[in-house]
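The values are calculated or read from the model by the stated rules, or taken from the named source; none is laboratory data. All of these numbers come straight from a predicted model, not from anything done at the bench. Neighbour counts run over all protein chains shown; Cβ positions are idealised from the backbone, glycine included. Areas reflect the complete protein model, heavy atoms only, side chains present, ligands, DNA and RNA absent. Shrake-Rupley method; radii C 1.70, N 1.55, O 1.52, S 1.80 Å.
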Amino acid sequence: MSKTVSEDHIGRRLRFRDLQVLFAVVQFGSMAKAAMQLGLTQPAVSDIVAGLEQMFGVRLFDRNPRGVEPTIYGRALLKRGRAAFDELRQGIKDIDFLSDPTAGELKIGCPASVLGGTLSLAVEHFSKRYPRVVLHFDEVPSPGNDFPSLREREHDLILARIARPLVDEEDFDVEVLFQDPLLIAAHTRSEWARRRKIEAAELLDASWILTAPDASVYVSVAEAFRARGLGMPKISMVARSGHLRMFLVARGPFVTAVPSSLLRFNAAKLSLKVLPVDLDILGYPVAILTLKKRVLNPLAGLFLDHVRAVAKSIAQSLQ
């Protein structure tokens, strides 16, 4: 049974360094590896963990031959401790921003298929205006319905295509920027590109480059053809990356389907053409996701203003 720990006792005994150690031990599953990462000795890390367990009167980690795993008490402290640590870090960023609003850093989760499309203009404009702001981009699933890196505060925001329902959607603030349908494209020298009108049935025998059957692009294309009473087109190559599919289409007699915002931004440089096919292929909405009740880094607001401005022009072009 956990003993009651007063706020005064926590204030005197709990240090943010202790939370750093807690996070590291959970991340690496080993006190030795956590010590190496933090530049401490293993006995020092063990003493800090033992002190935390003594303070709260519960076991925070289960020891096993492979290392350590957090108990239910350890996971509870990890969840709340991470939020407290993040708020302090955000406070430091706020102070830095107030002292110099033109510098700092942002951590953003964003798939290449979003960042490599029209929204890259927002990054370009922002970076020109705030050259001393460092933008960190990490890949996230697209379309995705679960974004643990945001929940765990590894990212300030997520910019991605989303597939609803989201996992634990009540944790997030979701702002949809625009719907991003899939368009069918071929190289400008392709026989398909010379056509003024193409019936969907004619594309059944085309040489398609698509994703694997379990991926969203394949599913969306299959549903569009099924809605016309048609089967699935012939697949010649399989590639998950939208950039790779466009690159391959630019070098052969193929057709593919890619998100509108990605295709329109890259069509000219790759000599690709949107085919005149009367076939509506629903894509997924591109959205901004932030963590509810989390105070955003002030730089995030400036960055999102640029994103919204570019997204507005994209949405208008799709109407």
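Looking only at the stretch 263-281, decide whether some residue is of a type in the set (Ser, Thr, Tyr) and touching a helix residue (DSSP H, G or I) at 6+ places or on another chain (Cβ under 7 Å).
The answer is no; no qualifying residue exists.
Across the stretch 149-170, which residue is nearest to GLN90 (Cα to Cα) among those that are assigned to a helix (DSSP H, G or I) and at pLDDT 90 or above?
Taking the stretch 149-170 as the starting set, the residues that turn out to be assigned to a helix (DSSP H, G or I) are 149-151, 169-170.
Filter once more, keeping what is at pLDDT 90 or above: 149-150.
Details: SER149: 16, LEU150: 14 Å.
Per the stated criteria, the residue is LEU150.
The residues on offer are LEU210, LEU204, LEU183, and the sole one that is in contact (Cβ under 8 Å) with a residue 24 or more places away in the chain, touching a Leu at 6+ places or on another chain (Cβ under 7 Å), farther than 27 Å from VAL307 by Cβ and not β-branched (Val, Ile, Thr) is LEU204.
Against the test of being among the small types (Gly, Ala, Ser), within 30 Å of VAL134 (Cβ to Cβ) and modelled with pLDDT under 90, the options SER99, SER6 yield a single qualifying residue, SER99.
Looking at VAL134, is it of a type in the set (A, V, I, L, M) and closer than 30 Å to ALA76 by Cβ? Spell out the reasoning first.
On the way: of a type in the set (A, V, I, L, M): yes; closer than 30 Å to ALA76 by Cβ: no.
The answer is no for VAL134.
For VAL295, the conditions (1) surrounded by fewer than 18 Cβ atoms within 10 Å (Cβ to Cβ); (2) touching a Lys or Arg at 6+ places or on another chain (Cβ under 8 Å) all hold with the exception of (2).
Whether any residue in the stretch 139-152 is within 20 Å of ASP86 (Cβ to Cβ) and among the aromatic types (Phe, Trp, Tyr) is what I want to check. Working first, answer last.
Of all residues in the stretch 139-152, those within 20 Å of ASP86 (Cβ to Cβ) come to 140, 146-152.
This time we only want the ones that are among the aromatic types (Phe, Trp, Tyr), so: 147.
Taking every residue of the stretch 139-152 in turn, at least one turns out to be within 20 Å of ASP86 (Cβ to Cβ) and among the aromatic types (Phe, Trp, Tyr).
One residue stands out among those in the stretch 198-235 that are open to solvent by 20 Å² or more (accessible area, probe 1.4 Å) and among the hydroxyl-bearing types (Ser, Thr, Tyr): the one that is farthest from ILE162 (Cα to Cα), which is SER207. Filtering the stretch 265-290 to residues that are assigned to a strand (DSSP E or B) and of a type in the set (Lys, Arg) leaves only LYS273.
In the stretch 305-319, the residues that are open to solvent by 30 Å² or more (accessible area, probe 1.4 Å) reach residues that are at pLDDT below 90 and not polar (S, T, N, Q) with C-beta atoms within less than 9 angstrom, at least six apart or across chains, in these pairs: SER317/ARG264.
Scanning the stretch 80-107 for residues that are open to solvent by less than 60 Å² (accessible area, probe 1.4 Å) and under 20 Å from ARG153 (Cβ atoms) returns GLY81, ALA83, ALA84, PHE85, ASP86, GLN90, GLY91, LYS93, ASP94, PHE97, GLY104, LEU106.
The requirement of being buried (at least 19 other Cβ atoms within 10 Å of the Cβ) and over 13 Å from PHE303 (Cβ atoms) is fulfilled nowhere in the stretch 122-133; no residue meets it. Among the residues of the stretch 237-261, those identified as assigned to a loop (DSSP other than H, G, I, E, B) and either under 17 Å from ALA222 (Cβ atoms) or of a type in the set (Gly, Ala, Ser) (or both) are ALA239, ARG240, SER241, ALA250, GLY252.
Entry remark, the stretch 68-79: residues being closer than 15 Å to ALA24 by Cα and either in contact (Cβ under 8 Å) with a residue 60 or more places away in the chain or buried (at least 16 other Cβ atoms within 10 Å of the Cβ) (or both) number 5 in total.
Could you please let me know if VAL140 is in contact with a Cys (Cβ under 7 Å, 6 or more places away or on another chain) and either surrounded by 19 or more Cβ atoms within 10 Å (Cβ to Cβ) or part of a helix (DSSP H, G or I) (or both)? First the steps, then the outcome.
Numbers: in contact with a Cys (Cβ under 7 Å, 6 or more places away or on another chain): yes; either surrounded by 19 or more Cβ atoms within 10 Å (Cβ to Cβ) or part of a helix (DSSP H, G or I) (or both): yes.
So VAL140 passes the test.
Note on the stretch 182-197: among residues that are open to solvent by 40 Å² or more (accessible area, probe 1.4 Å) and not basic (Lys, Arg), the one that is nearest to PRO259 (Cα to Cα) is THR188. Residues in the stretch 112-128 that are assigned to a helix (DSSP H, G or I) and under 13 Å from VAL307 (Cβ atoms): 10 in all. Look at VAL133 and say whether it is part of a helix (DSSP H, G or I), over 19 Å from PHE172 (Cα atoms) and among the aliphatic types (A, V, I, L, M). In short, no.
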